[in-house]
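J.: The following block contains the structure, expressed as structure tokens.
The values are calculated or read from the model by the stated rules, or taken from the named source; none is laboratory data. These numbers were taken from a predicted model, which means no experiment stands behind them. As a convention, Cβ positions derive from the backbone with ideal geometry for all residues, glycine included, and neighbour counts pool all protein chains shown.
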Amino acid sequence: MNIIVLDLEWNQNSLGKKERSSDKPVFEIIEIGAVKLNENYEMTGKFSQLVKPQIYHTMHKITADLIHLQMKELKKGKDFPTVMKEFLEWCGKDYIFATWGPLDLLELQRNIKYYNLEPLSDRPIKFYDVQKLFSLGIMKEKTRKTLEFAIDYFKIEKDIPFHRAFSDAYYTAKVFERLTNPDILQFVSFDTFHIPKDKKEEIKISFPGYFKYISRGFDTKSEVMEDREVASTKCYLCHRNLKKKIKWNSSNGKNYNSISYCDVHGYIKYKCRIKKSENGKYYAVKTSKFITEEKMIKLQEEWNKGKEEKKIKNMKLPNQK
Ligand SMILES: [Zn+2]
């Protein structure tokens, strides 16, 4: 399987939010750059193409300052459907995307949808978020770093300028080459532009130290937490359903927390985020993680405090009229 290291540049509407028409993507892709790596992570091909703008015909200041591209250069490019066709042919059949951060795949699919082209997939796409691999695998922390930070960290020669699609794809590939340890590569990501359509497509995956579940879509937010699978608190090592030590609680109706206890493996903390998908459905991303007893007590105090504060806030409301 090949790895397609992808980077996009995009322009955005120069008008304010109000003038934006809702059917247009906020970001119009103006350049696609990519590097192809083979199974041994060797560069075997490159792709670089400007896209002729069809949606926004003036260059946003941020875009112009960042990538030094002028409209008249872009007009020499090919239209998005043509570039996409050539790009996918170049990608071949058996590949996985690798990008710096999760946005490129999202914006690519938004543009594909706008032009009514065939979707990349009808379900979540497994990919390598190289920025995440670098943070978790090398820095051992969750904070995301810039591409330039990673380049400096590995002392990679900066032989071509940054902030053009091909160069950023090239540098991302250079960083990726240094992250190909299987322990690091197991932190794969899933793009959820298309969420799982049914139970069969739902994602359940183990990572070192935690477990992730991505649910199918529901019409309303409340239906999500009412679903048995979403609300269940299992031990992901022995797969038993566990009784909750602390029931699902939420301070904002979007992020839910709970804790359960497995006799064999200890305390497990569950975090469930309810998200809205591109097609307007609601779905859950639930992670489970083992925690110590001290951590459990600390969280319990924190959440109780949050509950108290909420109560006081609610009590005050009628008097404030
Ligand atoms: Zn267990």
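J.: In this structure, does LEU185 turn out to be more than 16 Å from the ligand (Cβ to nearest atom), aliphatic (A, V, I, L, M) and surrounded by fewer than 19 Cβ atoms within 10 Å (Cβ to Cβ)?
T.: When the stated conditions are applied, LEU185 passes them.
J.: Only residues in region 140-151 that are without any contact (Cβ under 8 Å) to a residue 12 or more places away in the chain count as the first member; pair them with residues that are not aromatic (Phe, Trp, Tyr), Cβ under 8 angstrom, at least 6 apart or cross-chain, and list the lot.
T.: Pairs that qualify, where the first residue is without any contact (Cβ under 8 Å) to a residue 12 or more places away in the chain and the partner is not aromatic (Phe, Trp, Tyr), are GLU141/SER135; LYS142/SER135; LYS142/LEU136; THR143/SER135.
J.: Check whether at least one residue in region 68-86 is without any contact (Cβ under 8 Å) to a residue 60 or more places away in the chain, charged (D, E, K, R), touching a helix residue (DSSP H, G or I) at 6+ places or on another chain (Cβ under 9 Å) and in the same structural domain as ASP168 (by TED's automatic domain parsing), and report yes or no.
T.: The answer is yes; a qualifying residue exists.
J.: Would you check if there is a residue in region 280-292 being surrounded by fewer than 17 Cβ atoms within 10 Å (Cβ to Cβ), out of contact with any Cys (no Cβ under 7 Å at 6 or more places or on another chain), aliphatic (A, V, I, L, M) and over 21 Å from VAL230 (Cα atoms)?
T.: So far as region 280-292 goes, no, none of its residues is surrounded by fewer than 17 Cβ atoms within 10 Å (Cβ to Cβ), out of contact with any Cys (no Cβ under 7 Å at 6 or more places or on another chain), aliphatic (A, V, I, L, M) and over 21 Å from VAL230 (Cα atoms).
J.: Among (1) more than 25 Å from LEU136 (Cα to Cα); (2) touching a residue at least 12 places away in the same chain (Cβ under 8 Å); (3) within 16 Å of the ligand (Cβ to nearest atom), which single condition is TYR236 missing?
T.: The one condition TYR236 does not meet is (1).
J.: Residue by residue through region 239-280, note down the ones that are outside any loop (DSSP other than H, G, I, E, B), of a type outside the set (Gly, Ala, Ser), out of contact with any helix residue (DSSP H, G or I) (no Cβ under 8 Å at 6 or more places or on another chain) and within 14 Å of the ligand (Cβ to nearest atom).
T.: ASN241, TYR261, CYS262, ILE268, TYR270
J.: Does LYS204 meet the test of being outside the structural domain of THR99 (by TED's automatic domain parsing) and either over 14 Å from PHE127 (Cβ atoms) or outside any strand (DSSP E or B) (or both)?
T.: Yes: the conditions hold for LYS204.
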